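Undergrad: Following this message is one structure expressed as structure tokens.
The values are calculated or read from the model by the stated rules, or taken from the named source; none is laboratory data. Because the structure is predicted, anything quoted here is derived from the model rather than measured. Glycine gets a Cβ as well: all are built from the backbone with ideal geometry, and neighbour counts include every protein chain shown.
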Amino acid sequence: MSAVLAFWVLIVVLAIGTWLMRSLPIMAHGHVATPPWAERLLRHVPVVALTALVVPGALYLKDHAGAYHFAPERLLAAAAAMLVALKTRNVAATLVVGMVALWMAQAAVHALA
């Protein structure tokens, strides 16, 4: 088998595999009963996904050289936003408090530096 043919066979096999992985759960929905243990686990997926997106940005800052550094002002802003979110359950208030806390913390860090 030539390298070009092997490449295209690999592309087609990977495309079919990707399509199956994405389509089978959608096609099976409603036809196959989900076990209770899976439903309990799936309830936590949005929280886990949001945490995976937010935590790195709340802890680290990437500089111009591409290196990551701990950013205490981001951690303070994230903590303030989390407290507001837990207390009020209001998205707008959480965003406003988080941004104001970040700006204040950045101003304080720059004033001290």
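Undergrad: Quick check on L50: is it under 30 Å from L86 (Cα atoms) and modelled with pLDDT under 95? Explain how you work it out, then say what you get.
TA: Values: under 30 Å from L86 (Cα atoms): yes; modelled with pLDDT under 95: yes.
In short, yes.
Undergrad: Now a separate question. May I ask you to list pairs of residues, at least six apart or on different chains, whose Cβ atoms are under 6 Å apart, with the first in region 93-104 being more than 11 Å from R74 (Cβ to Cβ) and the second being assigned to a helix (DSSP H, G or I) and β-branched (V, I, T)?
TA: Cβ pairs passing all conditions: A93/V84; T94/V84; V97/V84.
Undergrad: On to the next question. Only one of T34, T18 is assigned to a loop (DSSP other than H, G, I, E, B) and not aliphatic (A, V, I, L, M). Can you tell me which? Walk me through it before giving the result.
TA: Numbers: T18 fails: assigned to a loop (DSSP other than H, G, I, E, B).
That would be T34, the only listed residue that is assigned to a loop (DSSP other than H, G, I, E, B) and not aliphatic (A, V, I, L, M).
Undergrad: Could I ask something else about it? For residues that are among the small types (G, A, S), surrounded by 10 or more Cβ atoms within 10 Å (Cβ to Cβ) and over 28 Å from the mean Cα position of the chain (by Cα), tally how many sit in region 2-40.
TA: Residues in region 2-40 being among the small types (G, A, S), surrounded by 10 or more Cβ atoms within 10 Å (Cβ to Cβ) and over 28 Å from the mean Cα position of the chain (by Cα): 1 in total.
Undergrad: Can you go through A78, A108, A58 and tell me which one is loosely packed, with under 14 Cβ neighbours inside 10 Å, of a type outside the set (K, R) and either touching a Leu at 6+ places or on another chain (Cβ under 9 Å) or more than 22 Å from V47 (Cβ to Cβ) (or both)? Outline the logic, then answer.
TA: Details: A78 fails: loosely packed, with under 14 Cβ neighbours inside 10 Å; A58 fails: loosely packed, with under 14 Cβ neighbours inside 10 Å.
Among A78, A108, A58, only A108 is loosely packed, with under 14 Cβ neighbours inside 10 Å, of a type outside the set (K, R) and either touching a Leu at 6+ places or on another chain (Cβ under 9 Å) or more than 22 Å from V47 (Cβ to Cβ) (or both).
Undergrad: Please work out if L61 is touching a helix residue (DSSP H, G or I) at 6+ places or on another chain (Cβ under 9 Å) and without any contact (Cβ under 8 Å) to a residue 40 or more places away in the chain. Full working, then the answer.
TA: Numbers: touching a helix residue (DSSP H, G or I) at 6+ places or on another chain (Cβ under 9 Å): yes; without any contact (Cβ under 8 Å) to a residue 40 or more places away in the chain: yes.
The answer is yes for L61.
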